[in-house]
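Structure, as structure tokens:
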Amino acid sequence: MKKWNINSWRKYPVKHIPVYPEADELDNVLNKIRSFPPLVFAGETRHLKQQLAEVVDGKAFLLQGGDCAESFAEFNPDNIRDYFKVILQMSLVMTYSASLPVVKLGRIAGQFSKPRSAPTEKQGDLELPSYLGDNINAMEFTKKARVPDPKRLFKAYSQSASTLNLLRAFCHGGFADLKKVHLWNLGYIKKSPQAKKFKELEDKIADALAFMDACGINADFNRRLKTVNFWTSHEALHLPFEESMTRVDSTTGEYHDTSAHFVWIGDRTRQLDGGHVEFCRGIENPIGIKCGPTSKGEEIVKICNLLNPINEKGKITLISRFGHKNVEKFLPKLIRSIKKEGINVIWSCDPMHGNTIKSTTGFKTRPFNDVVSEVKNVFAVHQSEGSYAGGLHIEMTGQNVTECTGGAKNISDQDLSSRYHTQCDPRLNADQALELAFLISDEIKKNSTYAKNSIRAAS
Ligand code: PEP
Ligand code: CO
């Protein structure tokens, strides 16, 4: 195998990396970032990998979610708090109904760069470079705003650092205490059917905690009852930035991309001979690979072998995103290719990116029913293939947005314009995200029982 080093990816073809007009200015910013502290610590990343290994074995479930793209304008503590509340609620619903620990992984604190389907955007007669994410250029439709500006990389690094700082405080400072589940409800979902169901769950948890307390088991003796682990992730798209965040762990000599605990390779950049796969080959972080309709089983097998030659459990998560109508066509073949080679992976389902449509009112949207249907189809296929559907990957927010149609409040095409705030793709709002968690919890339980039995039978 060819020797890897931190910048060996530069010798490979790369897609979706911006060209900066001032190369020197980019180097200056990257050097500054290189001298700044890591965002995450290598030991944390190893801990996450251990938790992901449990998911491979059907003993836990992976919930990965957050914005399609974070933005500078929407950055404020309330948005981070409300996002975190929804993640906690969803994972509580899943943990309770499926009796499984949920590994909580945010698309946050670094999810800025976007691969775009077209390099330019046209409005009237004017054609400009596409918006590529707030860490690269600005959304405003002017020539100046669309020029990649390296200073944005540093601003995104700083925003990620303070986002992570607040999330860490929430995890360990009392906010995630199981006794406080009633405080996780967001004001605007109080009247929805989800809120009623969540209240029933709160009551059951309060009863269980009271019983445990009476038996002498409480948060004073068991920190697990009042703290949670929460991990960060983003697409490793902007390789110059990822390279500048990659450091040698002094305790082991291994390379870790310290910009997040987990990074993934997108559906548009997973070429076997491309720079993104080359970069990810040398870092210790767990890696996600998005698998869309163009992914071939043999190719994904080769990528897994390159990224994970020792077949370590927890290292690779395959995130399928075929679109609800295409699951049966593509997923069984992919599962069989991976199974045939005995490769250890987490099978996660992204029901968002294959279900994007244009609404009759001109907005990019995703019908909630299509999202649910992709998840259900994925669960059904895994059950018939004897594999474990171990994860869900969604674009969601704690804000009361109207970006995806449907759900309990039945958002229509006409409603989309009222609170359509996303920087890029349409997200589930808190109501829809929680509804999805309730709808799929039973499936998770069935699937994990089934997978545990088949794993047991095979060993
Ligand atoms: C994304 O997750 O935001 C994304 C661009 O996904 P994909 O690579 O699957 O299209
Ligand atoms: Co997206």
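The values are calculated or read from the model by the stated rules, or taken from the named source; none is laboratory data. A quick note: this is a predicted structure, and the numbers were derived from the prediction, not measured. Methodologically, a virtual Cβ is constructed for each residue, glycine included, from the backbone with ideal geometry; neighbour enumeration extends over all protein chains shown. The protein model used for the area step is the full one, side chains on, heavy atoms only, and it has no ligands, DNA or RNA in it. Shrake-Rupley method; radii C 1.70, N 1.55, O 1.52, S 1.80 Å.
For the chain, the share of DSSP beta bridges that are antiparallel, to the nearest 5, is 25%. Counting only protein heavy atoms and a probe of 1.4 Å, the accessible surface of segment 1-82 is 53% carbon and sulfur. Scalar couplings 3J(HN,Hα) for segment 355-371, obtained by applying the Karplus form with A = 6.51, B = -1.76, C = 1.60 to θ = phi - 60°, are 10, 8, 9, 9, 6, 5, 9, x, 8, 6, 9, 9, x, 3, 4, 5, 4 Hz; x denotes Gly and Pro. When a/c reaches 1.5 or more, the comparison of a/b and b/c decides; with that in mind, is segment 1-101 rounded, prolate or oblate per its Cα gyration tensor? Oblate. Modelled label positions at residue 208 and residue 340, each set 7 Å beyond Cα in the direction of Cβ, lie 4.2 nm from each other.
Per residue, the solvent-accessible area of the chain (1.4 Å probe, heavy atoms of protein chains only, all protein chains present) comes to 42 Å². Mean projection of the Cα convex hull over all viewing directions, computed for the chain: 22.2 nm².
Taking packing as the residue-averaged number of other Cβ atoms within 10 angstrom, the listed peptides 22-32, 110-120, 63-73 run from highest to lowest as 63-73, 110-120, 22-32. Tell me the carbon and sulfur percent of the accessible area for segment 215-366, rounded to whole percent, probe radius 1.4 Å. Using a 1.4 Å probe with all protein chains present, segment 215-366 comes out at 50 percent carbon and sulfur. Pairs from the list 32/313; 49/197; 340/446; 302/446; 196/364; 2/329 with a Cα-Cα gap above 26 Å: 32/313; 49/197; 302/446; 196/364; 2/329.
Between residue 312 and residue 143, residue separation times 0.36 nm minus the direct Cα-Cα distance comes to 56.1 nm. A straight chain from residue 35 to residue 328 at 0.36 nm per residue would run longer than the Cα-Cα distance by 100.7 nm.
Only Lys, Arg, Asp and Glu carry charge here, each on its Cβ (+1 for the first two, -1 for the last two); on that basis the chain has a dipole of about 700 debye about its Cα centre. On the beta carbon distance between residue 248 and residue 12, with R0 = 22 Å, the FRET formula returns roughly 0.50. Express the relative contact order of the chain as a whole percentage, based on alpha carbon pairs under 8 Å and six or more residues apart in sequence. So the answer I get is 21 percent. For segment 52-67, 3J(HN,Hα) computed residue by residue from phi via the Karplus equation (6.51, -1.76, 1.60; θ = phi - 60°) reads 5, 4, 5, 5, 3, 7, x, 9, 7, 10, 9, 10, 10, x, x, 4 Hz, glycine and proline entered as x. Relative contact order for segment 68-198: 26 percent, from Cα pairs under 8 Å spaced at least 6 residues apart, divided by residue count.
Here the simple spin-label model places points 7 Å from the Cα toward Cβ, and for residue 127 and residue 439 these points are separated by 4.0 nm.
The alpha-carbon positions of segment 88-131 define a convex hull whose volume is 135 Å³ per residue.
For a 4.7 Å threshold on C-beta separation, the list of partnerless cysteines in the chain reads 171, 215, 280, 291, 304, 349, 404. Accessible surface comparison of 231, 4, probe 1.4 Å, protein chains only, largest first: the order is 4, 231. Taking amide hydrogens as placed 1.01 Å from N in the peptide plane, the amide H of residue 61 sits under 5 Å from those of 102, 103, each at least 5 positions away in sequence or on another chain.
Each of 343, 420, 381 was placed along the dipole of segment 328-420 (beta-carbon charges, centred on the mean Cα), and the one lying farthest toward the positive end is 343. Judged by the gyration tensor of its Cα atoms, with axes a ≥ b ≥ c, segment 216-356 is oblate; a/c meets the 1.5 cut and b/c is at least as large as a/b.
Counting only DSSP H runs of at least 4 residues, each contributing -39500 (n - 2.57), and dividing by the residue count of the chain, the helix-based mean residue ellipticity at 222 nm comes to -13000 deg cm²/dmol.
Shape class for segment 106-225: prolate, because the ratio a/c of the largest to smallest gyration tensor axis (alpha-carbon atoms, square roots of eigenvalues) is 1.5 or more and a/b beats b/c. The simple spin-label model puts a point 7 Å past each Cα toward its Cβ; for residue 217 and residue 169 those points are separated by 3.2 nm. Computing FRET efficiency as 1/(1 + (r/R0)^6) for residue 197 and residue 23, where r is the C-beta to C-beta distance and R0 is 60 Å, gives about 0.65.
Loop-only check: which GluC sites (Glu not before Pro) in segment 107-179 are DSSP coil with at most 11 other Cβ within 10 angstrom? For GluC sites (Glu not before Pro) across segment 107-179 that sit outside H, G, I, E and B with at most 11 neighbouring Cβ atoms in 10 Å, the list reads 140. Once the Cα-Cα distance is subtracted from the 0.36 nm per residue extended length, the residue 408 to residue 116 segment shows a gain of 102.0 nm.
Peptides 345-352, 369-376 ranked from most to least packed by the mean count of surrounding Cβ atoms within 10 Å: 345-352, 369-376.
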